[in-house]
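Nothing in this text is a laboratory measurement; each read-out follows from the coordinates by a stated rule. Remember, predicted model here, so these are calculated numbers, not experimental data. Glycine gets a Cβ as well: all are built from the backbone with ideal geometry, and neighbour counts include every protein chain shown.
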Amino acid sequence: MARGFLIFLNLVVLLIYMALFIFMEPLLAMAGQHISITPAIETAAGYFLLIVIGFCMGNLTQIFTRTQYTKTRWDIRGFALLSMIPVLFLLAINLGPTVAVIVQLPFIRESPAESLYYLLSTQYIWILWIGFNLGASIKFAQYYKPKRARQQAKAK
């Protein structure tokens with residue numbers, strides 16, 4: 001029962017935040033008539049929404065795997081390890097020598113501009129990946145134990 005509720009809640013929140021991300025530009029344009037919104041605020045809002053969307057997707061994967069932990073906790077080591085790749089790519093975007101080395105790779109040499117666009121400058125994908133890692137690194141306690149497991153626990 002609790003697992004089904006968590007799945008439903010995650011799906012609803014995911015759909016709400018996806019709708020907010022899709023309609024972010026018109027909503028910020030309407031809000032911009034009443035208050036001043038800088039481009040930095042628009043970018044931060046987009047990144048925040050992507051992190052929340054990724055978090056909900058990561059939570060869904062954690063719930064679907066039916067893991068059995070004794071208590072709810074956040075696995076910071078797993079999050080750090082899984083987030084190294086997007087962080088490195090986000091840092092590589094701003095480093096000229098790194099981009100020059102990547103352009104010299106044989107499979108990128110034919111069309112470097114297109115390859116760099118798809119590998120590096122798609123920050124939305126990397127931010128979404130960080131949010132997904134954040135959601136997947138949450139370890140939930142098992143809220144419901146089947147009758148057989150409860151009887152085995154009492155027998156011990």
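Put a dot 7 Å past the Cα of I16, heading toward its Cβ, do the same for A29, and the two dots end up 2.6 nm apart. When a/c is below 1.5 the answer is rounded, else prolate if a/b is larger than b/c, else oblate, so apply that to segment 12-67 with a ≥ b ≥ c taken from the square roots of the Cα gyration tensor eigenvalues. Verdict is prolate for segment 12-67.
The phi torsions of segment 6-19, fed into the Karplus equation with coefficients 6.51, -1.76 and 1.60 and a -60° offset, translate into couplings of 5, 5, 4, 4, 5, 5, 5, 5, 4, 5, 5, 5, 5, 5 Hz, rounded to whole numbers, with Gly and Pro shown as x.
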